[in-house]
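The values are calculated or read from the model by the stated rules, or taken from the named source; none is laboratory data. Quick caveat, the model's predicted, so the values are computed rather than measured. Cβ atoms come from the backbone with ideal geometry, glycine included; neighbour counts cover every protein chain shown.
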Amino acid sequence: MRKQIGMGAAVVATAALLAACSSDPEPAETTDSSAEPTTEESTGAIDASGQTLTIWTDAERQDAIQTVADTFEAETGATVEIVQKNFEDLRNDFIAQVPTGEGPDITVGAHDWLGALVEAGVVNTVDLAGVEDDFEEVAVDAFTYDGQLYGLPYATEAIALIQNADLVGDTAPTTWDEMIEMSVEAGFEDRPFILFTNGTSGDGYSAYPLQTSFGAPVFVQDESGSYTSEVGMGGEAGEAFAQFLYDNGQAGTGYFSDTIDYDTSSELFASGESPFILQGPWMPFFDAGDMNLVVSPMVSAGGETAAPFVGVQGFYVSAQSQNTLLANDFLTNYMATEDAQRALYEADPRLPALTALAEEFSSDPITAGFVESASQGVPMPSIPEMGNVWDLWNAAEIQLITGTSDDPAGTWSAMVEELEASIG
């Protein structure tokens, strides 16, 4: 798992309870004990005696979920069985075991599993009881597939522009030209900016904010936020981005190259050899905490919003659960409380998905920068077609960066055509 700085609370608290929880009757004014409200009437908790919820989680989040489960058991009479698994095994085991009846009622998971889970028929929709507007829109969109919500989000993560304030000051640039100008004035003509390219393999993920600033999304989203299978990075917008990569690659300014892998990018920035880098809170230079850093959304190179991919963590409900209502009650009324989500944050710090808590934690300027970047981002596509994208996309970008191709528009258009053919 990527390193995280201790800042973004993994939080999806919803302050609202279900209607039953906000309409408790007033106790009758009498000494007759039979007229006293029952526990269910007093707390809004349902009576789930004899029912069992099974939850899969990884080791990092197990204790936080167990604490919530203890409260849930005490208030509802249900039994919660928590099974610890390696995070890397959760998705495949869920897909394999749910159809057999051996899977859990609930599992922790990443949003980009959603396409595979829906296609396998193993995940159910989730009812957030009308509190979707309390969450960051990108977090809800991430768990939305074909207009249906399939998960309870609680945390997000995204890359952002990170600058060394000791080298270029603490004012964040807002455009590509402004960023380059700041770097050049500070004496960094040769390396004003680091774009992580994953070496010769290419890295469309890291370059995506620059691509979206040209209006060239990898896939088109519909009005519900769901991704369609329509490729969105073709045409004039995509070709303009391709020209930008070529112009700033090894045949042009030389700002981008195929020699920047993860370790190299970290070392160059940490050693002060470049004042700007586009990366996330998992970078190792955050661990020491001795750099004077400013974090802000990535600048636009193409005139539109630079939208990074956003990863979202949350909870799924099994399509074969015999306790669907109970599982939804556990998520909406227990896991979606502020206390529960703070516990998850302490276990595995990530940016909050609940807007109010994102704003609360943004009192820290580093956190604020990553929160703002994620808020203008888009979910990593979870549709199956995304699996066809990476190799073609990355290869085309490396050709442009290295100058292997001297026809940026043609190279990009050929990539888009091959991608469209591969997904039918």
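Taking the listed residues 137, 132, the one that is in contact (Cβ under 8 Å) with a residue 60 or more places away in the chain, in the same structural domain as residue 362 (by TED's automatic domain parsing), among the acidic types (Asp, Glu) and surrounded by fewer than 21 Cβ atoms within 10 Å (Cβ to Cβ) is 137, with no other qualifying.
For region 119-151, which positions are aromatic (Phe, Trp, Tyr), in a strand (DSSP E or B) and touching a strand residue (DSSP E or B) at 6+ places or on another chain (Cβ under 7 Å)?
Matches in region 119-151: 135 only.
Inspect region 152-165 for any residue being assigned to a helix (DSSP H, G or I) and at pLDDT 95 or above and give the result as yes or no. Checked against the condition, which is being assigned to a helix (DSSP H, G or I) and at pLDDT 95 or above, region 152-165 yields at least one hit. Taking region 409-424 as the range and being buried (at least 24 other Cβ atoms within 10 Å of the Cβ) and either farther than 15 Å from residue 232 by Cα or of a type in the set (D, E, K, R) (or both) as the test, no residue passes. One residue alone among 63, 70, 47 is closer than 30 Å to residue 109 by Cα, outside any helix (DSSP H, G or I) and modelled with pLDDT of 50 or more, and that residue is 47. In region 226-275, of all residues being in contact with a strand residue (DSSP E or B) (Cβ under 6 Å, 6 or more places away or on another chain) and among the hydroxyl-bearing types (Ser, Thr, Tyr), the one that is surrounded by the most Cβ atoms within 10 Å (Cβ to Cβ) corresponds to 227.
For region 298-347, the candidate set comprises residues that are under 30 Å from residue 173 (Cβ atoms), among the small types (Gly, Ala, Ser) and not in a strand (DSSP E or B); within that set, the residue that is nearest to the chain's Cα centre (by Cα) is 307. The residues in region 96-118 that are part of a helix (DSSP H, G or I) and within 21 Å of the chain's Cα centre (by Cα) can be counted, and the count is 8. The set of residues from region 250-297 being assigned to a helix (DSSP H, G or I) and not β-branched (Val, Ile, Thr) comprises 262, 263, 265, 266, 267, 268, 269, 270, 285, 286, 287, 288.
Restricting to region 140-163, what's the tally of residues that are polar (S, T, N, Q) and either surrounded by fewer than 22 Cβ atoms within 10 Å (Cβ to Cβ) or at positive phi (or both)? Spell out the reasoning first.
The first filter runs over region 140-163 and keeps only residues polar (S, T, N, Q), leaving 144, 148, 156, 163.
If we keep only those that are either surrounded by fewer than 22 Cβ atoms within 10 Å (Cβ to Cβ) or at positive phi (or both) too, we end up with 148.
Adding up the residues that qualify gives 1.
Residues of region 233-249 include at least one that is more than 26 Å from the chain's Cα centre (by Cα), assigned by TED's automatic domain parsing to the domain that holds residue 211, at pLDDT 95 or above and assigned to a loop (DSSP other than H, G, I, E, B).
Residues are listed down the side, and each one gets a yes or a no for (1) of a type in the set (Val, Ile, Thr); (2) modelled with pLDDT of 95 or more:
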site	(1), (2)
276	no, yes
281	no, no
288	no, no
300	no, yes
317	yes, yes
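Considered as a group, the residues in region 62-89 that are polar (S, T, N, Q) and more than 16 Å from residue 328 (Cα to Cα) include one that is surrounded by the most Cβ atoms within 10 Å (Cβ to Cβ), and that residue is 62.
Within region 205-225, the residues that satisfy the criterion of being surrounded by fewer than 20 Cβ atoms within 10 Å (Cβ to Cβ) and part of a loop (DSSP other than H, G, I, E, B) are 215, 222, 223, 224, 225.
Residue count for region 303-324, restricted to those that are surrounded by fewer than 19 Cβ atoms within 10 Å (Cβ to Cβ) and touching a Phe, Trp or Tyr at 6+ places or on another chain (Cβ under 9 Å): 2. Number of residues in region 377-401 that are outside any loop (DSSP other than H, G, I, E, B) and within 20 Å of residue 155 (Cα to Cα): the value is 2. Among the conditions (1) assigned to a loop (DSSP other than H, G, I, E, B); (2) of a type in the set (Gly, Ala, Ser); (3) touching a helix residue (DSSP H, G or I) at 6+ places or on another chain (Cβ under 7 Å), the only one that residue 229 does not satisfy is (1).
Which is modelled with pLDDT under 95 and closer than 25 Å to residue 297 by Cα, of 133, 127, 146, 170? Give the steps one after another, and end with the answer.
Working: 127 fails: closer than 25 Å to residue 297 by Cα; 146 fails: closer than 25 Å to residue 297 by Cα; 170 fails: modelled with pLDDT under 95.
Result: 133 is the single residue among 133, 127, 146, 170 that is modelled with pLDDT under 95 and closer than 25 Å to residue 297 by Cα.
The set of residues from region 179-204 being assigned to a helix (DSSP H, G or I) and within 24 Å of residue 271 (Cβ to Cβ) comprises 179, 180, 181, 182, 183, 184, 185, 199, 200, 201. Looking only at residues in region 379-391 that are without any contact (Cβ under 8 Å) to a residue 60 or more places away in the chain and within 21 Å of the chain's Cα centre (by Cα), the one that is surrounded by the most Cβ atoms within 10 Å (Cβ to Cβ) is 388.
Taking region 392-416 as the region of interest, how many residues are of a type in the set (A, V, I, L, M) and free of Cβ contacts under 8 Å to residues at least 24 places away in the same chain?
Residues that pass the stated criteria total 2.
When residues in region 181-205 are screened for being of a type in the set (A, V, I, L, M, F, W, C) and without any contact (Cβ under 8 Å) to a residue 40 or more places away in the chain, 1 of them pass.
Conditions (1) hydrophobic (A, V, I, L, M, F, W, C); (2) touching a strand residue (DSSP E or B) at 6+ places or on another chain (Cβ under 7 Å); (3) not assigned by TED's automatic domain parsing to the domain that holds residue 121, marked per residue:
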{"residue": "325", "(1), (2), (3)": "yes, no, no"}
{"residue": "339", "(1), (2), (3)": "no, no, no"}
{"residue": "355", "(1), (2), (3)": "no, yes, no"}
{"residue": "358", "(1), (2), (3)": "yes, yes, no"}
{"residue": "363", "(1), (2), (3)": "no, no, no"}
{"residue": "367", "(1), (2), (3)": "no, no, no"}
{"residue": "374", "(1), (2), (3)": "yes, yes, no"}
